[in-house]
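The values are calculated or read from the model by the stated rules, or taken from the named source; none is laboratory data. This structure is a prediction, so every number in the text was calculated from the model and none was measured. Cβ: placed from backbone, ideal geometry, glycine included. Neighbour counts: every protein chain shown.
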Amino acid sequence: MDERIDEELVTAYINGENRALEILVRRHIKPIFGFVFRYVGNVGDAEDITQDIFVSIWKNIDKFDTSKKFKTWIFAIAKNASLNWLRKKKPSTFSDVTKEGDEQQFDETIEDENPLPAELFDRASLKEELESAIGKLNPRYQTALILHYKEELTFREIAEIENESVNTVKSRHLRAINKLRKILGVDAPK
Amino acid sequence: MHKDYQKLFESFEPVEPPEQLFHDTMLRIDAKKRRVAMYARIGFFGVTSATALLVLAPIWNGFYVELTQSGFSQLSSLIFSDGGTIMTYWQDFILSLAESLPILSAIGLVGSVLLFLVSTERLIRNVRALTRSNLVAF
């Protein structure tokens, strides 16, 4: 396992170390595939799009600014590729994905979410319940939650990926949390 | 980041990609690399071939002018008009013939013809390879 961070691997690849690209692909293929799958909803198309994304990463790797986070860059590419695919293949789904709903924008300061009840973590079927609950969310809500909690990206980094303001991402995150709590049967915060 | 939600998402596993996805992705990237290299070679040999063809006419003209001025053609015509003398003094004749040949122009002409032929052959080979790879891709 290579200990180098992504940005170092990018520099190594640009300097001629071919294996560095392989390490980067191996490191990110699973989260990228999972991310794309959430948008397109089937394995075959998610596979094709994932391959296209990595080809695009390879093509543009010399344009990547190594002072920025590689993960943010590739998720932005993945998001655009997924939306482009939806736009071409399923225009109706595309409008559903990009539609935010009529919920109002939150203020700049958003309070922390209420804690989750301890009993939730004791549920035997938590994994399945969570998977199903996330699946019921709008893909943009799924993206906000997965990127923040699973990929450990900050709101600022997610905002960069989504090409939106940090506040929009924060408010979407809070709405996603509220919906998730409802689906999981946990009371929404007051 | 809220600790509770971080803990909750520890239970969340993204969808597993198919086993061969990494391998297929690397193959796609390699294929793309090869195609980019082919395009670069096609560009290079295309330009070389066209340049060689363009310079061929002035080089041929230069060679022809030097050939007629150097007396090479008059000397070589002796082969047909005075074959007996040439057979007697063949060593001197060959030396004179070689001396009268415009060497630089001849090298230039042969060089540009070779350059044209070789680059055209490489150009055709790469275009064929690219066409084949396009057919495979479709």
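For the stretch A:139-183, a residue qualifies if it is charged (D, E, K, R), under 19 Å from A:Phe121 (Cβ atoms) and over 10 Å from the mean Cα position of the chain (by Cα), and the qualifying residues are A:Arg181, A:Lys182. Contact annotation: residue pairs with Cβ atoms under 6 Å, 6 or more positions apart or on different chains, pairing a residue in the stretch A:57-83 that is farther than 16 Å from A:Ile5 by Cβ with a partner that is of a type in the set (S, T, N, Q), are A:Ile77/A:Ser56.
Would you point out the residue of the stretch A:63-76, among those that are over 15 Å from A:Glu151 (Cα atoms) and out of contact with any Phe, Trp or Tyr (no Cβ under 9 Å at 6 or more places or on another chain), that is modelled with the highest pLDDT? Before the answer, list the steps.
In the first step, residues of the stretch A:63-76 are kept if they are over 15 Å from A:Glu151 (Cα atoms); the result is A:63-68.
Adding the requirement that they be out of contact with any Phe, Trp or Tyr (no Cβ under 9 Å at 6 or more places or on another chain) leaves A:63, A:66-68.
Numbers: A:Lys63: 91, A:Thr66: 83, A:Ser67: 85, A:Lys68: 87.
Looking at residues that are over 15 Å from A:Glu151 (Cα atoms) and out of contact with any Phe, Trp or Tyr (no Cβ under 9 Å at 6 or more places or on another chain), I get A:Lys63.
Listed here are the residues, each with its yes/no results for (1) among the hydrophobic types (A, V, I, L, M, F, W, C); (2) closer than 29 Å to A:His28 by Cα.
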| residue | (1), (2) |
| --- | --- |
| B:Lys7 | no, yes |
| B:Val15 | yes, yes |
| B:Leu27 | yes, yes |
| B:Ala57 | yes, no |
| B:Glu66 | no, no |
| B:Asp92 | no, no |
| B:Ala106 | yes, no |
| B:Leu109 | yes, no |
| B:Leu117 | yes, no |
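Within the stretch A:77-106, the set of residues being modelled with pLDDT under 85 and either within 14 Å of another protein chain (Cβ to nearest Cβ) or part of a helix (DSSP H, G or I) (or both) comprises A:Lys89, A:Pro91, A:Ser92, A:Thr93, A:Phe94, A:Ser95, A:Asp96, A:Val97, A:Thr98. Might you let me know whether the stretch B:6-19 holds any residue that is within 19 Å of the chain's Cα centre (by Cα), of a type outside the set (A, V, I, L, M, F, W, C) and within 14 Å of another protein chain (Cβ to nearest Cβ)? Taking every residue of the stretch B:6-19 in turn, none turns out to be within 19 Å of the chain's Cα centre (by Cα), of a type outside the set (A, V, I, L, M, F, W, C) and within 14 Å of another protein chain (Cβ to nearest Cβ). Taken over the stretch A:1-52, residues that are under 19 Å from A:Ala76 (Cβ atoms), touching a residue at least 40 places away in the same chain (Cβ under 8 Å) and of a type in the set (D, E, K, R) amount to 3.
Yes/no per residue for (1) surrounded by fewer than 17 Cβ atoms within 10 Å (Cβ to Cβ); (2) within 11 Å of chain B (Cβ to nearest Cβ); (3) farther than 21 Å from A:Ser82 by Cβ:
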{"site": "A:Tyr141", "(1), (2), (3)": "no, no, no"}
{"site": "A:Leu153", "(1), (2), (3)": "no, yes, no"}
{"site": "A:Glu157", "(1), (2), (3)": "no, no, no"}
{"site": "A:Glu160", "(1), (2), (3)": "no, no, no"}
{"site": "A:Asn163", "(1), (2), (3)": "yes, no, no"}
{"site": "A:Asn167", "(1), (2), (3)": "yes, no, yes"}
{"site": "A:Arg172", "(1), (2), (3)": "no, no, no"}
{"site": "A:Ile177", "(1), (2), (3)": "no, yes, yes"}
{"site": "A:Arg181", "(1), (2), (3)": "no, yes, yes"}
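Exactly one condition in (1) at the interface with chain B (Cβ under 10 Å from one of its Cβ atoms); (2) at pLDDT 95 or above is not met by A:Ile49; state its number. Evaluating A:Ile49 over (1) at the interface with chain B (Cβ under 10 Å from one of its Cβ atoms); (2) at pLDDT 95 or above leaves (1) as the failure. Given the options B:Phe72, B:Phe80, name the one that is away from chain A (no Cβ under 14 Å), surrounded by 13 or more Cβ atoms within 10 Å (Cβ to Cβ) and over 30 Å from A:Glu128 (Cα atoms). Exactly one of B:Phe72, B:Phe80 is away from chain A (no Cβ under 14 Å), surrounded by 13 or more Cβ atoms within 10 Å (Cβ to Cβ) and over 30 Å from A:Glu128 (Cα atoms), namely B:Phe72. Restricted to helices (runs of 4 or more DSSP H) entirely inside the stretch A:109-170, those with at least 3 residues that are closer than 12 Å to B:Phe9 by Cα and free of Cβ contacts under 8 Å to residues at least 12 places away in the same chain are A:126-136. Just one of (1) over 26 Å from the mean Cα position of the chain (by Cα); (2) more than 14 Å from chain A (Cβ to nearest Cβ); (3) buried (at least 16 other Cβ atoms within 10 Å of the Cβ) fails for B:Phe22. It is (2).
Screening A:Asp2 with (1) away from chain B (no Cβ under 14 Å); (2) in contact with a Phe, Trp or Tyr (Cβ under 9 Å, 6 or more places away or on another chain) gives one miss only, at (2). Looking at the structure I just gave you, is B:Pro58 surrounded by 12 or more Cβ atoms within 10 Å (Cβ to Cβ) and not hydrophobic (A, V, I, L, M, F, W, C)? No: the conditions fail for B:Pro58.
Checked against the criterion of being hydrophobic (A, V, I, L, M, F, W, C), touching a residue at least 60 places away in the same chain (Cβ under 8 Å) and within 14 Å of another protein chain (Cβ to nearest Cβ), the stretch B:25-42 has at least one qualifying residue. Can you confirm whether A:Gly44 is at pLDDT 90 or above and not in a helix (DSSP H, G or I)? Criteria not met by A:Gly44. The single condition among (1) exposed (fewer than 12 other Cβ atoms within 10 Å of the Cβ); (2) more than 30 Å from B:Glu121 (Cβ to Cβ) that B:Leu104 does not meet is (2). When the stretch A:5-39 is filtered for residues that are more than 20 Å from B:Ile29 (Cα to Cα) and either in contact with a Cys (Cβ under 6 Å, 6 or more places away or on another chain) or away from every other protein chain (no Cβ under 11 Å) (or both), the ones remaining, listed by number, are A:Ile5, A:Glu8, A:Tyr39.
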